[in-house]
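Undergrad: Dumping the structure here so I can ask a few things about it.
The values are calculated or read from the model by the stated rules, or taken from the named source; none is laboratory data. Since this is a predicted model, take the numbers as computed values, not measurements. All Cβ positions, glycine included, derive from the backbone under ideal geometry; neighbour counts span all protein chains shown.
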Amino acid sequence: MDIRSLIREIPDYPQPGVSFKDITTVLKDPQALQYVVREMARRFRDKGIDVIVGVESRGFIFGAPLAYELGLGLVLVRKPGKLPAEKIQVEYELEYGTDTLEIHKDAIQPGQRVLIVDDLLATGGTISAAAKLVEQLGGEVVGYTFLIELAYLGGRRKLGNQEIASLVIYD
């Protein structure tokens with residue numbers, strides 16, 4: 001299935017020079033959504049994954065059906081103030097400033113093998129921060145999966161040697 005042809009590109013959004021990749025056109029197509037989830041699952045089905053980590057917020061969109069497809073649980077990594085129980089956080093660098101992510105302290109058990117999922121890999125800052133949270137809790141990041149990768153931004157360089165599966169890559 002040609003998922004790339006279903007992704008709507010919006011020039012100069014949210015600012016001039018940016019070509020926004022709109023995934024709502026993929027999500028509304030039932031066959032495309034099923035294909036994306038099954039393809040993400042296929043690439044990691046035999047990797048001994050214990051739990052899926054979805055990164056706020058579009059990582060939840062793919063994380064939940066992926067966890068269901070693989071028969072696993074889903075852990076949420078969120079922006080500050082969204083998780084109700086005891087949590088840890090990590091601050092990470094953005095192009096202009098910093099941001100913070102949080103995870104519940106009891107979300108990952110030491111030794112658990114984790115697959116991190118999000119809709120898009122760009123510079124790798126958010127995803128590498130999510131990986132740090134997993135590792136702080138004693139989890140092992142086995143891989144990453146994305147619908148889209150903006151390869152020209154070099155995000156892979158921040159993610160180490162784990163397997164990275166992106167379904168659509170923009171060079």
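Undergrad: Looking at the structure I just gave you, is residue 143 crowded, with 20+ Cβ neighbours inside 10 Å and under 25 Å from residue 27 (Cα atoms)?
TA: For residue 143, the condition - crowded, with 20+ Cβ neighbours inside 10 Å and under 25 Å from residue 27 (Cα atoms) - is not met.
Undergrad: If you take the residues in the range 129-145 that are assigned to a strand (DSSP E or B) and in contact with a Gly (Cβ under 9 Å, 6 or more places away or on another chain), which one is farthest from residue 36 (Cα to Cα)?
TA: Going through the qualifying residues, I end up with 140.
Undergrad: Restrict the check to the range 73-88 and report whether at least one residue is of a type outside the set (D, E, K, R), buried (at least 21 other Cβ atoms within 10 Å of the Cβ) and either within 22 Å of residue 21 (Cβ to Cβ) or out of contact with any helix residue (DSSP H, G or I) (no Cβ under 7 Å at 6 or more places or on another chain) (or both).
TA: yes
Conditions tested, residue by residue: (1) over 27 Å from residue 168 (Cβ atoms); (2) under 12 Å from the mean Cα position of the chain (by Cα); (3) at pLDDT 95 or above; (4) of a type in the set (Val, Ile, Thr).
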{"site": "36", "(1), (2), (3), (4)": "no, no, yes, yes"}
{"site": "40", "(1), (2), (3), (4)": "no, yes, yes, no"}
{"site": "54", "(1), (2), (3), (4)": "no, yes, yes, no"}
{"site": "64", "(1), (2), (3), (4)": "no, yes, yes, no"}
{"site": "72", "(1), (2), (3), (4)": "no, no, yes, no"}
{"site": "75", "(1), (2), (3), (4)": "no, yes, yes, yes"}
{"site": "100", "(1), (2), (3), (4)": "yes, no, yes, yes"}
{"site": "127", "(1), (2), (3), (4)": "no, yes, yes, yes"}
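Undergrad: Given 99, 50, which one is under 21 Å from residue 148 (Cβ atoms) and among the acidic types (Asp, Glu)?
TA: Exactly one of 99, 50 is under 21 Å from residue 148 (Cβ atoms) and among the acidic types (Asp, Glu), namely 99.
Undergrad: Pick from the range 95-117 the residues that are polar (S, T, N, Q) and not in a strand (DSSP E or B): which of them is farthest from residue 52 (Cα to Cα)? Spell out the reasoning first.
TA: If we filter the range 95-117 for residues that are polar (S, T, N, Q), which is where we start, we get 98, 100, 109, 112.
Filter once more, keeping what is not in a strand (DSSP E or B): 109, 112.
On the way: 109: 13, 112: 10 Å.
If we take residues in the range 95-117 being polar (S, T, N, Q) and not in a strand (DSSP E or B), then 109 is farthest from residue 52 (Cα to Cα).
Undergrad: State all residues of the range 120-152 that are out of contact with any strand residue (DSSP E or B) (no Cβ under 8 Å at 6 or more places or on another chain) and either under 29 Å from residue 6 (Cα atoms) or touching a residue at least 60 places away in the same chain (Cβ under 8 Å) (or both); if no residue qualifies, say none. Write out each step before concluding.
TA: Initially, the range 120-152 is screened for residues out of contact with any strand residue (DSSP E or B) (no Cβ under 8 Å at 6 or more places or on another chain), giving 123-124, 138.
Within the range 120-152, 123, 124 meet the criteria.
Undergrad: Name the helices (runs of 4 or more DSSP H) wholly inside the range 1-83 in which the number of residues that are touching a residue at least 40 places away in the same chain (Cβ under 8 Å) is 2 or more. Quick ask: steps written out before the conclusion?
TA: Details: elements: 24-27, 30-44, 58-70.
Those helices (runs of 4 or more DSSP H) span 30-44, 58-70.
Undergrad: Limited to the range 6-23, what total is found for residues that are surrounded by 10 or more Cβ atoms within 10 Å (Cβ to Cβ) and either modelled with pLDDT of 95 or more or hydroxyl-bearing (Ser, Thr, Tyr) (or both)?
TA: Number satisfying all stated conditions: 12.
Undergrad: With 164, 169 as the choices, which residue is free of Cβ contacts under 8 Å to residues at least 60 places away in the same chain, assigned to a strand (DSSP E or B) and surrounded by fewer than 16 Cβ atoms within 10 Å (Cβ to Cβ)? Full working, then the answer.
TA: On the way: 164 fails: surrounded by fewer than 16 Cβ atoms within 10 Å (Cβ to Cβ).
Being free of Cβ contacts under 8 Å to residues at least 60 places away in the same chain, assigned to a strand (DSSP E or B) and surrounded by fewer than 16 Cβ atoms within 10 Å (Cβ to Cβ) holds for just one of 164, 169, which is 169.
Undergrad: Can residue 126 be described as assigned to a helix (DSSP H, G or I), crowded, with 19+ Cβ neighbours inside 10 Å and β-branched (Val, Ile, Thr)?
TA: yes
Undergrad: Another question, if that's okay. Would you please name the residue that is nearest to residue 116 (Cα to Cα), looking only at residues in the range 26-60 that are surrounded by 13 or more Cβ atoms within 10 Å (Cβ to Cβ) and of a type in the set (S, T, N, Q)?
TA: Top of the filtered list is 57.
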